[in-house]
1. Mind putting a number on the dipole of the chain about its Cα centre? Charges go on the C-beta only, +1 for Lys and Arg and -1 for Asp and Glu, and I need it in Debye to the nearest 20.
2. Listed here are the pairs LYS8/LYS42; LYS174/LYS218; LYS107/LYS150; LYS131/LYS174; which of them are more than 18 Å apart at the Cα?
3. For LEU232, list long-range residues whose amide hydrogen, built 1.01 Å from N in the peptide plane, is under 5 Å from its own amide hydrogen.
4. So what J values fall out for the range 160-168 if you push phi through Karplus, 6.51 cos²θ - 1.76 cosθ + 1.60 with θ = phi - 60°, rounded to Hz, Gly and Pro as x?
5. Could you work out how far helix 40-53 tilts from the main Cα principal axis of the chain, as a 0 to 90 degree angle to the nearest 10?
6. Taking amide hydrogens as modeled 1.01 Å from N in the peptide plane, which residues meet the under 5 Å criterion relative to ARG38, leaving out close sequence neighbours?
7. Which whole-Hz couplings ³J(HN,Hα) result when phi for each residue of the range 20-32 is put into the Karplus expression 6.51 cos²θ - 1.76 cosθ + 1.60, θ = phi - 60°, listed in order with x for Gly and Pro?
8. If a/c stays under 1.5 just call it rounded; otherwise compare a/b with b/c (prolate if a/b is bigger, oblate if not). Do that for the range 33-131, with a ≥ b ≥ c from the square roots of the Cα gyration tensor eigenvalues.
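FYI, it's all coordinate maths here, none of it is from the lab. What you are looking at is a predicted structure, and each value in this text was computed from that prediction instead of being measured. Neighbour counts run over all protein chains shown; Cβ positions are idealised from the backbone, glycine included.
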Amino acid sequence: MKKFSGKKVWITGASGGLGRAIAEEAARFGADLILTARDERKLIQTGERCRQFGAGSVLIRPFDLNQTDQVPVFAQELIDEVRGVDVLVNNAGFGLFERLEDTPDEKISSMINVNVISLMLLSKAVLPSMKGGGHVVNIASQAGKLATPKSSIYSAAKHAVLGFSNSLRMEVAKDGIFVTTINPGPIETDFFETADSSGRYADSVKKFMLSPRVVAGKTVEVFFTDKREINLPGWMNAASKAYSLAPGMVERLGKKGFNQK
């Protein structure tokens with residue numbers, strides 16, 4: 001029997017990038033996968049790969065998490081269909097690297113809807129079925145600890161995810177539910193095609209980019225453990241810690257690096 005045989009793992013944003021990598025990694029351990037994202041065609045591709053990797057089962061449900069008014073009903077219907085969820089990986093999200101005054105209002109709303117509101121609503125929906133042993137894994141970011149120019153909305157969203165997760169962890173500990181945040185730096189995915197279509201930022205941080213396979217491995221490794229956070233890469237986490245102690249100094253010393261977007 002594989003490590004996660006019989007465990008139902010719901011992954012949002014599973015159509016590509018880190019979400020697909022997490023799905024494939026969980027599949028290796030025999031998990032029963034529930035995969036959601038907007039793009040049905042890419043979801044089907046992820047599902048096919050996960051079956052090849054050994055998933056116990058794969059259920060695909062396309063959905064747009066920007067439609068926050070529909071999230072509670074969608075989530076409850078899905079939870080009822082699979083008869084409970086053991087692990088929820090809130091991976092769906094996107095960023096847009098622009099000055100605040102240049103960011104369209106609808107993009108601000110969408111970033112908060114997808115990165116924060118839907119994440120909270122999905123987490124709320126799965127809690128009843130997780131009592132006695134479950135895990136909410138929220139994909140946050142080092143941007144939630146160390147803000148930089150042209151990422152005000154994205155950084156605010158990831159700060160919110162960290163605060164939400166830290167509070168929720170204490171609320172549900174008595175129910176045997178774990179809450180973990182994954183806080184990566186830049187990952188080599190198509191995230192930057194939306195965040196910065198010019199490609200300048202991706203080029204400037206290319207040598208620091210993390211492999212989605214590595215981040216996925218670290219993520220699945222903590223399923224059903226009481227790990228608070230995974231922070232990658234280590235040097236960036238050290239910078240985040242320094243920022244929390246001396247923000248003014250870090251902003252002065254890091255000014256050139258912060259303005260890569």
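1. With only Lys, Arg, Asp and Glu charged at Cβ, the dipole is about 940 debye.
2. Long pairs (Cα-Cα over 18 Å): LYS8/LYS42; LYS174/LYS218.
3. Placed amide hydrogens put ASN183, GLY185 under 5 Å from LEU232.
4. Karplus-based 3J(HN,Hα) across the range 160-168 equals 4, 4, 5, x, 4, 5, 5, 6, 4 Hz.
5. 70
6. PHE63
7. Using θ = phi - 60°, the values come out as 5, 5, 5, 4, 5, 5, 5, 4, 4, 9, x, 5, 8 Hz.
8. oblate
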